[in-house]
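Okay, structure first, notes after.
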Amino acid sequence: MKTRRATEKKASRVTRGSGNVLADLRFKPEEAAEVQIKAELTRQIYHRIKVLGLTQIQAAARLGLSQPDVSKLMNARYTGYSTDRLIALLNALEVDVDIVVRPRRRHEPGMVRVREAIGAA
């Protein structure tokens, strides 16, 4: 008969991640890149609304969305939004978005990054 401690120990086994949660969740690389981009763009929308001191109703008016849709974005729920639409929402919040395309470095996996500019308001 197994002791309770042995059962708990087995149930709490930890597996070391790869450092990429989306890969660990078995997303295809192209799906993972899209999820990562949308999550970061949504985070930037949240941040900008906070910096501007907008209420969700004020943000909704500026973005042409309903208040519940702004609430969803503020809670990192970007389902139904394309990357283009999220960029347009950032533009409506007076944020410029730069896209940089460069040759891939040798032995580097395909990568998409979203970075905040230094000194951004």
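What is the dipole size for region 33-77, taken about its Cα centre, with +1 at each Lys and Arg Cβ and -1 at each Asp and Glu Cβ, in debye to the nearest 20? Mind showing how you got there, number by number?
Numbers: 7 positive and 3 negative charges, 21 e Å.
Value, rounded to 20: 100 debye.
Report P(r) for region 22-78: all Cα-Cα distances, bin width 10 Å, range 0 to the bin holding the largest distance, values in whole percent.
It works out to 24, 44, 20, 12, in whole percents.
How would Thr42, Thr83, Thr15, Thr55 line up by accessible area, probe 1.4 Å, largest first?
Numbers: Thr42 5, Thr83 40, Thr15 120, Thr55 75 Å².
If we order Thr42, Thr83, Thr15, Thr55 from most to least accessible, we get Thr15, Thr55, Thr83, Thr42.
Where only protein heavy atoms count, and the probe is 1.4 Å, what is the accessible area per residue for region 40-86 in Å²? The partial results should precede the final answer.
On the way: 2650 Å² over 47 residues.
Accessible area per residue, region 40-86: 56 Å².
Ordering Lys72, Lys50, Lys38 by accessible area with a probe of 1.4 Å, largest first, what comes out?
Values: Lys72 85, Lys50 120, Lys38 30 Å².
The most accessible residue leads, giving Lys50, Lys72, Lys38.
At a probe radius of 1.4 Å, what is the per-residue accessible area of Ser66, in Å² to the nearest 10?
Accessible area, nearest 10 Å²: 50 Å².
Each residue of region 71-77 in order: what ³J(HN,Hα) in whole Hz does its phi give by Karplus 6.51 cos²θ - 1.76 cosθ + 1.60, θ = phi - 60°, with x for Gly and Pro?
4, 4, 5, 5, 9, 6, 10
To the nearest 0.05, how large is the calculated FRET efficiency for Arg43 and Val21 if R₀ is 22 Å and r is the Cβ-Cβ distance? Could the numbers behind the result be given before it?
Values: r = 15 Å, r/R0 = 0.68.
In this case the efficiency is close to 0.90.
How would Glu94, Glu34 rank on accessible area, largest to smallest, probe 1.4 Å?
On the way: Glu94 130, Glu34 90 Å².
So the residues, ranked largest to smallest area, are Glu94, Glu34.
The values are calculated or read from the model by the stated rules, or taken from the named source; none is laboratory data. Treat the numbers as computed from the prediction; the structure is a model and nothing was measured. Quick reminder, even Gly has a Cβ in these numbers, built from the backbone with ideal geometry, and neighbours come from all protein chains shown. Heads up: the accessible areas ignore ligands, DNA and RNA and are worked out on the full protein's heavy atoms, side chains in. Shrake-Rupley method; radii C 1.70, N 1.55, O 1.52, S 1.80 Å.
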